[in-house]
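The values are calculated or read from the model by the stated rules, or taken from the named source; none is laboratory data. In this text, all values refer to a predicted model and were calculated from it rather than measured experimentally. Positions of Cβ are generated from backbone atoms using ideal geometry, with glycine treated the same way; all protein chains shown enter the neighbour counts. Accessible surface areas use protein heavy atoms only, side chains included; no ligands, DNA or RNA. Shrake-Rupley method; radii C 1.70, N 1.55, O 1.52, S 1.80 Å.
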Amino acid sequence: MKTNNSKIVDCTIRDGGLVNNWDFSVEFVQQLYAGLNEAGVDYMEIGYKNSPKLLSGADSAGPWRFLNDEFLRKVIPQKGTTKLSALVDIGRVDENDILPRSESMLDLIRVACYIKDVDKALQLVQTFHDRGYETTLNIMALSNVMENELIEAFEMINESVVDVVYIVDSYGSLDYKDMEYLVQKFKTHLPNKRLGVHTHNNMQLAFSNTLVAAQNGVEFLDASVYGMGRAAGNCPTELLVTHLKNTHYKLRPVLEVLENLLIPLREKEEWGYLVPYMITGTLDEHPRSAMALRASADKDKVVGFYDKLTTPEVSFEKKQ
């Protein structure tokens with residue numbers, strides 16, 4: 001399997017932050033960066049670059065939710081070969097908060113949006129491109145997008161300056177056939193764009209879907225150490241590092257950060273494959289209802305949960 005053009009983007013801090021409200025210590029992030037750098041991982045997504053004034057709940061979130069360049073310089077005084085990435089959401093970032101790349105610690109800024117906001121996302125991409133950054137466009141919840149909407153979006157994307165376009169399996173509901181279909185569609189309609197993939201593990205398919213994408217020429221592969229990410233989590237970095245062929249990656253440094261940082265954290269926080277997330281994945285739904293169930297006293301009552309999601313009337317029945 002020829003995957004030597006692969007680039008791993010480790011999202012442990014950014015996507016993992018959705019699990020613990022970005023409550024990572026500076027030491028945790030420094031050790032993770034050092035380990036990923038030693039392992040030869042290409043990018044570390046160190047958080048969101050959203051603007052606190054545009055988001056509710058900003059006060060309670062950790063600093064990785066709203067990356068500040070001055071703060072980042074203190075966290076990583078000496079950058080290695082692993083580049084730094086941040087994600088922004090449409091409507092949650094003030095472009096005046098983004099310095100030119102020459103003055104910033106960040107190399108890559110990724111813009112996440114739903115299909116209806118591709119035009120707005122591409123305006124932001126243009127701004128970040130003009131400031132010198134590498135850019136990606138991450139279209140979320142692709143499994144819920146109509147064909148005609150996608151074709152319309154492709155036309156705009158083709159004319160844009162964006163470097164990489166992401167296939168995002170937000171609900172963890174896609175399988176290898178879906179992935180092959182989407183990759184071919186993106187390649188056909190976006191012949192001059194590089195592609196990326198971001199998977200979730202609701203159906204235990206995050207790793208295999210990522211490999212299928214890589215096999216079909218997708219270059220940027222999102223992952224996180226020990227799979228840490230919202231709900232069912234992501235494709236595990238350690239699996240990609242050890243499995244991709246003809247690459248420069250080293251497994252041992254990833255295992256070190258996994259043992260020292262992620263295993264202790266997993267004792268306190270929950271993420272990864274669990275049946276409620278499998279249920280939302282198989283129904284192609286956002287995992288928020290499963291997350292609410294896992295936070296309740298009924299967290300393991302999966303039959304009732306399934307009935308509630310598949311029988312709308314159940315939700316409205318009055319208890320006798």
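Taking the Cα centre of the stretch 69-214 as origin and assigning +1 to Lys and Arg Cβ atoms and -1 to Asp and Glu Cβ atoms, the resulting dipole is close to 520 debye. Centre-to-centre, using Cα atoms only, the stretch 174-253 and the stretch 264-299 are separated by 21 Å. Taking only pairs that are 8 or more places apart or on different chains, how many Lys pairs in the stretch 44-143 have Cα atoms under 25 angstrom apart? Pairs that pass both the separation and distance tests number 9. Measuring nothing but alpha carbons in the stretch 162-320 and taking Rh as the Kirkwood radius, the Rg to Rh ratio lands at 1.05. Placing +1 on the Cβ of every Lys and Arg and -1 on the Cβ of every Asp and Glu, with no other charges, gives the chain a dipole of roughly 400 debye about its Cα centre. In the stretch 49-112, taking the dipole from charged Cβ atoms about the Cα centre, the farthest positive-side position among L108, N96, N50 is held by L108.
Test of the criteria: in the stretch 25-95, which trypsin sites (Lys or Arg not before Pro) are in a DSSP loop and have at most 15 other Cβ atoms within 10 angstrom of their Cβ?
Details: sites: K49, K53, R65, R73, K74, K79, K83, R92; in loops: K79, R92.
Passing sites in the stretch 25-95 are K79.
Taking the alpha carbon gyration tensor of the stretch 53-167, multiplying each eigenvalue by 5 and rooting it gives semi-axes of 27, 17, 12 Å, largest first. Summed over qualifying helices (DSSP H, 4 residues or more, each -39500 (n - 2.57)) and divided by its residue number, the chain shows a 222 nm mean residue ellipticity of -11000 deg cm²/dmol.
Quick check: from the Cα gyration tensor, does the stretch 34-78 come out rounded (a/c under 1.5), prolate or oblate? Taking the square roots of the gyration eigenvalues as a ≥ b ≥ c, the stretch 34-78 is prolate. Modelled label positions at Q31 and L99, each set 7 Å beyond Cα in the direction of Cβ, lie 2.8 nm from each other.
If I take every Cα pair under 8 Å that is 6 or more residues apart in the stretch 159-294, average their sequence separation and divide by the length, what percent do I get for the relative contact order? Before the final figure, lay out the partial values.
Numbers: 216 pairs, mean separation 34.2, N = 136.
It comes to 25 percent, rounded to a whole number.
The residue list L67, V168, Y226 was ranked by how far each Cα lies along the charge dipole of the chain toward its positive end, using unit charges on Cβ atoms, and Y226 comes out on top.
A Förster radius of 35 Å combined with the Cβ-Cβ distance from Q78 to K53 puts the calculated FRET efficiency at roughly 0.65. The stretch 98-166 and the stretch 63-93 have Cα centres spaced 18 Å apart. For the chain, with all protein chains in place and a probe radius of 1.4 Å, 49% of the accessible heavy-atom surface sits on carbon or sulfur.
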